[in-house]
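What follows is a single structure, written as structure tokens, with notes after it.
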Amino acid sequence: MTGLPHYPVHPNPGPHGAPQYYPPQPPYGDPMPYGSPQAPGLFPVPAGLVDPGSRLGARLLDVVIWFAGYVVTGVVPVNVWRDNGGGGVADAMLFGWFVAFFLFYFPFCVAEFGSTLGKRICGMRVVHRGTGRNVGFGCALVREVSWPVFSLVPVLGLLNSLWCCWDRPYRQCLHDKLPDTVVVDR
């Protein structure tokens, strides 16, 4: 029987005893077949992905919220301590609080709640691209630590932020590609 498609066969025969063949389906995670009538020849954007402008707004809001929280809970008390003779110990404590507050606000909130406060206000959350579920702490740590590290390299920091403007079909920035995450509407 050459020339027949090699699709899975339904266990129950169709009318007149003929086998029923299933046509191939697009792979899991594919938003729609490429070249479909909705987007001929283009890479379609899956429904629910957040546009780059909203992502940038949420990130800026997050940085403002994080910095304000860091100043109120760390800088002000440590400066009082430093003025009263804290010296180098106060500076070390301030740096330790800087790292701890960053880890608490960004990776912990993304892993535990799916979003930081800024993302929640803007109505978005971070999920794993393959499963659509919240990411674990390890993936959130890689994602959230990579964007300030990328920002230390002049061109790479700019490319990281702009990458989602031309990345198709999932609008991932470079810091999303490492742990394979996407930002979706809540």
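The values are calculated or read from the model by the stated rules, or taken from the named source; none is laboratory data. Source: prediction; values computed, not measured. Please note: Cβ atoms are built from the backbone with ideal geometry, for glycine as well, and neighbour counts cover all protein chains shown. When the accessible area is computed, the model is the full protein with side chains, heavy atoms only, and any ligands, DNA or RNA have been set aside. Shrake-Rupley method; radii C 1.70, N 1.55, O 1.52, S 1.80 Å.
Data overview
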| quantity | calculated |
| --- | --- |
| Qualifying position, being touching a residue at least 60 places away in the same chain (Cβ under 8 Å), on the phi > 0 side of the Ramachandran plot, touching a helix residue (DSSP H, G or I) at 6+ places or on another chain (Cβ under 9 Å) and not polar (S, T, N, Q), among R125, R120, R186, R171 | R171 |
| Helices (runs of 4 or more DSSP H) fully within the stretch 57-150 counting 1 or more residues that are modelled with pLDDT of 95 or more and open to solvent by 70 Å² or more (accessible area, probe 1.4 Å) | 109-113, 117-121 |
| Search result, residues across the stretch 60-84 that are aromatic (F, W, Y) and under 34 Å from the mean Cα position of the chain (by Cα) | W66, F67, Y70 |
| Identity of the residue in the stretch 151-175, in a helix (DSSP H, G or I) and not hydrophobic (A, V, I, L, M, F, W, C), that ends up most open to solvent (accessible area, probe 1.4 Å) | P154 |
